[in-house]
Amino acid sequence: MSVNPFAGEVALQLDGQEHRCKLTLGALAELETALKADTLIALISRFESEAFSAADIFQVIHAGLRGGGWRGRVEDLITADIGGGPVEAARVAAQLLHLAFTAPGSD
């Protein structure tokens, strides 16, 4: 599977299968609700200040997977094998947030 970072897409291996992740507007709205963030700025500030938990990373990944078309539940991720483990999960979550809030070509 090929992902397009210019479209905000990141790949994630889940149970040995590659999935496309993307934080669409709908996925971001779900993420705000799941993380009880009042605004997108509050959500980003939480991650920039490094005041996030493993559960927060799961929520970001879940939102990204849903934005990429996956229909699983966040509970499904608890028992899933994420290729690369916790470090890769954190990297994917950070990359998703970065791509969602950075204009293409501004890096």
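The values are calculated or read from the model by the stated rules, or taken from the named source; none is laboratory data. Model, not experiment: these values are computed from the prediction. We place every Cβ from the backbone using ideal geometry, glycine too, and count neighbours over all the protein chains shown.
If only residues of the stretch 77-107 that are of a type outside the set (G, A, S) and more than 18 Å from K22 (Cβ to Cβ) are counted, the one that is modelled with the lowest pLDDT is I78.
The set of residues in the stretch 53-107 being within 19 Å of I41 (Cβ to Cβ) and more than 13 Å from the chain's Cα centre (by Cα) consists of T102, A103, S106.
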